[in-house]
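Read through the structure below, which is laid out as structure tokens, and then see the notes.
The values are calculated or read from the model by the stated rules, or taken from the named source; none is laboratory data. All values derive from a computational prediction rather than experimental measurement. Methodologically, a virtual Cβ is constructed for each residue, glycine included, from the backbone with ideal geometry; neighbour enumeration extends over all protein chains shown. SASA here: full protein model, heavy atoms, side chains in, ligands and nucleic acids out. Shrake-Rupley method; radii C 1.70, N 1.55, O 1.52, S 1.80 Å.
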Amino acid sequence: MLIVANWKAYVEELAKARKLLTTSKRVASATRIRVVLAPSAPLLGALALRNRSVIAFAAQDISATTGGALTGEATAQTYAAAGATYAIVGHSERRALGDTDAIVAVKLSHALTHGLTPILCVGETERDGEGRYLAIVREQLTAALEPLSPRERANVIIAYEPLWAIGKAAEHSIGPNDLTEMVLYIRKVLAELLPGKSSHGSLVLYGGAVERTNVRDLAASSGVDGFLVGHASVDPRDFALLVRQLR
Ligand code: PGA
């Protein structure tokens with residue numbers, strides 16, 4: 001199991017970030033579950049260089065550029081230099097601020113070039129009765145992965161994050177059956193986009209209203225490989241309890 005803690009802009013103090021890191025190290029060692037922390041860029045810089053033994057770090061987003069006269073941009077190369085080994089790409093909160101499928105594809109390519117494993121977020125805005133949400137996820141996966149080489153595609157982690165669940169309480173999250181359907185569907189699309197058996201190793205995560213009360217049920221039989229956790233990852237005690245549910 002892989003747990004990615006997306007701190008978003010919830011964590012703004014170094015002391016809090018350090019506390020979360022200490023708790024994460026402890027719970028990751030005790031459970032042997034792989035924990036990846038995604039702090040804001042400055043906090044990632046403050047934590048990641050000296051603390052990569054048990055915990056790995058992810059950028060919450062990376063620049064679509066490769067550097068130069070671009071005030072305020074944090075490139076994939078910069079994140080890699082600061083100690084990140086993963087990068088969240090195409091999160092719906094970034095798509096809402098202008099990341100198109102084409103920009104997402106460029107970011108994936110930059111991440112891979114600089115040795116960051118991309119965590120590609122896809123997901124529909126709402127559930128309709130006609131299965132349109134499946135087509136939306138297929139379109140997002142295809143637009144993001146098609147420009148990559150087959151080898152690169154195999155290195156992308158997929159995070160299914162339906163927008164209607166993000167930020168909600170656990171009771172408004174997806175149910176285990178619907179998650180099972182979507183994980184199967186994503187694996188089918190990946191099998192089409194990746195040659196031979198190379199999609200067999202692809203990781204599929206779920207994110208959106210994952211809390212300690214629902215994480216175990218969501219993991220039980222859905223075939224999911226892990227979770228992208230937002231609000232429930234920024235309270236040390238809650239987060240430790242959440243990870244322990246997956247032991
Ligand atoms: P949430 O966010 O856990 O607060 O729903 C998940 C995400 O946006 O990655």
In the range 117-225, the trypsin sites (Lys or Arg not before Pro) that fall in loop regions by DSSP, at most 15 other Cβ within 10 Å: ARG127, LYS168, LYS197
Centre separation in Å (Cα based) which lies between the range 2-77 and the range 160-174: 23
Partners for LYS188 among lysines (Cα-Cα distance below 16 Å; same-chain residues under 8 apart left out): LYS197
With contacts defined as alpha carbon pairs under 8 Å and 6 or more residues apart, what's the relative contact order of the chain in percent? 21
Mean projected area, convex hull of alpha-carbon positions in the range 150-197, reported to one decimal in nm², is 4.1
Percentage of interatomic Cα-Cα distances in the range 113-231 larger than 22 Å: 31
Bins of 5 Å from zero: percent of alpha-carbon pairs in the range 2-244: 1, 7, 15, 19, 20, 18, 13, 6, 2, 0
Portion, in percent, of the accessible area of the range 2-244 that falls on carbon or sulfur, probe 1.4 Å: 51
Rel. contact order, % - alpha carbon contacts under 8 angstrom, at least six apart, the range 24-71: 39
So if a site counts as exposed when it's one of the GluC sites (Glu not before Pro), its DSSP state isn't H, G, I, E or B, and it has at most 13 other Cβ atoms within 10 Å, what's the longest stretch of the chain without one? 131-247
Identify all lysines with a Cα-Cα distance to LYS8 below 24 Å; exclude those on the same chain that are fewer than 8 residues away in sequence. LYS16, LYS19, LYS25, LYS107, LYS168
What accessible area per residue comes out for the range 2-244, rounded to a whole number of Å², with a 1.4 Å probe? 44
